[in-house]
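The values are calculated or read from the model by the stated rules, or taken from the named source; none is laboratory data. What you are looking at is a predicted structure, and each value in this text was computed from that prediction instead of being measured. Neighbour counts are summed over all protein chains in view; Cβ atoms, including those assigned to glycine, are modelled from backbone coordinates with ideal geometry.
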Amino acid sequence: MNQHAESMISVSIAFILFISACIFALSLTGELNRAVNGAGLAAQGQLRSVQPVLEASHEDWVSGSQVVFSMMGLNDPGVRISVDGAIVPGGPGEDGFDFSMIETGALYSVAYEWDGSGVLTGIHFAKSENREKTSHE
């Protein structure tokens, strides 16, 4: 009887260790999945500080005067800027855009456009009378 009890205890301990190893492997698998998802987002050109496009994020809101200052302060001609669908011709600060169409007291939503390597390629401002979501072109 004593030998039978010892073998049952050994089998029970082996079973408990097996179940513990399975639970540990399952938790490691979850960690690996999260790491792979994070690496996938980074590989798409998205920095960790940038929300993915498929995930809902908060909308940026600026005043009309901030739109004007943003346009004047941006010196990168490779970045396209549009205001309410109107493309700013040439680079920022060049003549040809009617700044009077921007209402300084209105709220504008901001949408940023990035290329595959994470470089900013466009900024789109859309006027909204209230803080509802505004569609960008």
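I'm told residue 42 meets every condition in (1) assigned to a helix (DSSP H, G or I); (2) at pLDDT 75 or above; (3) under 19 Å from the mean Cα position of the chain (by Cα) except one. Can you identify the failing condition by its number?
(2)
Could you tell me whether the stretch 100-120 includes any residue that is assigned to a loop (DSSP other than H, G, I, E, B), among the charged types (D, E, K, R) and either out of contact with any Gly (no Cβ under 9 Å at 6 or more places or on another chain) or modelled with pLDDT under 80 (or both)?
Within the stretch 100-120, none of the residues are assigned to a loop (DSSP other than H, G, I, E, B), among the charged types (D, E, K, R) and either out of contact with any Gly (no Cβ under 9 Å at 6 or more places or on another chain) or modelled with pLDDT under 80 (or both).
Which numbered condition trips up residue 26, out of (1) within 14 Å of the chain's Cα centre (by Cα); (2) at pLDDT 85 or above; (3) not small (Gly, Ala, Ser)?
Here residue 26 meets the rest and fails (1).
For residue 52, which of the numbered conditions (1) modelled with pLDDT of 80 or more; (2) within 22 Å of the chain's Cα centre (by Cα) fails to hold?
So the condition that residue 52 fails would be (1).
Which condition breaks for residue 59 when tested against (1) at pLDDT 80 or above; (2) surrounded by 13 or more Cβ atoms within 10 Å (Cβ to Cβ); (3) charged (D, E, K, R)?
If we test residue 59 against (1) at pLDDT 80 or above; (2) surrounded by 13 or more Cβ atoms within 10 Å (Cβ to Cβ); (3) charged (D, E, K, R), just (1) comes out false.
Of everything in the stretch 1-23, what is β-branched (Val, Ile, Thr) and at pLDDT below 85? Give them in sequence order.
none
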